[in-house]
Each structure stands twice: as structure tokens, then as C-alpha cells.
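Every read-out reported here was derived from the displayed coordinates using simple, explicitly stated rules and does not represent laboratory data. Source: prediction; values computed, not measured. Cβ placement follows ideal geometry from the backbone for every residue including glycine, while neighbour counts extend to all protein chains displayed.
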């Protein structure tokens with residue numbers, strides 16, 4: 001096997017390892033977000049059950065919806081950035097032997 005072939009195999013192996021590591025980080029992020037959402041949603045449901053009036057209930061629901069929308073938008077951006085970073089790292093690793 002020539003040096004170029006060996007370099008490419010090494011680059012693809014390193015890229016696959018980066019992918020596995022990146023997917024693990026993304027999965028951890030998703031699990032953390034899911035737990036946070038579950039806790040927040042449960043607390044909101046409890047607060048709704050304890051609401052003293054329809055006005056209080058509507059205010060709780062409104063605040064929940066605004067906060068949930070903001071949390072999902074922030075998480076989407078975070079996951080997008082993590083995915084872009086991972087993709088760039090993988091591409092750089094494979095492209096380097098080709099550029100040499």
C-alpha cells in the first residue's frame with residue numbers, strides 16, 4: 001500500500017472517530033435538553049393545576065409558551081452549530097491528505 005493510500009485510510013479512520021465522538025456530544029446535549037424540558041414542563045403543569053383563576057392560568061400558559069419557544073430556538077441553534085463544527089472537522093481531516 002502506498003503512502004497516499006495509507007494517509008487516506010488514516011484520515012477516514014480519524015474522521016469516523018470524530019463523527020462518533022461528535023454524535024456522542026450531540027446525543028448528550030439532546031438528553032440534557034430533554035431532561036430540562038421535562039422538568040420545566042412538569043413544573044408548569046403543576047403550577048397550572050394550582051392556578052387560582054383563569055387569568056392566572058392563561059398567564060402561566062403564555063409565559064410557558066414564550067419560554068418554550070425561546071428554549072427550542074436556542075437549542076436548535078446550538079445543535080446547528082455543533083453539527084457544522086463537527087462536519088468541518090471531519091472534512092478538514094479527510095481533505096488534508098488530498099491537499100498534500
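Among the residues of segment 45-80, the one identified as within 19 Å of residue 29 (Cα to Cα) and touching a helix residue (DSSP H, G or I) at 6+ places or on another chain (Cβ under 6 Å) is 75.
For residue 80, are the conditions met, namely being at negative phi and surrounded by 12 or more Cβ atoms within 10 Å (Cβ to Cβ)? So residue 80 does not fit the description; no. Summed over segment 24-77, residues that are surrounded by 13 or more Cβ atoms within 10 Å (Cβ to Cβ) and either over 30 Å from residue 87 (Cβ atoms) or without any contact (Cβ under 8 Å) to a residue 24 or more places away in the chain (or both) total 10.
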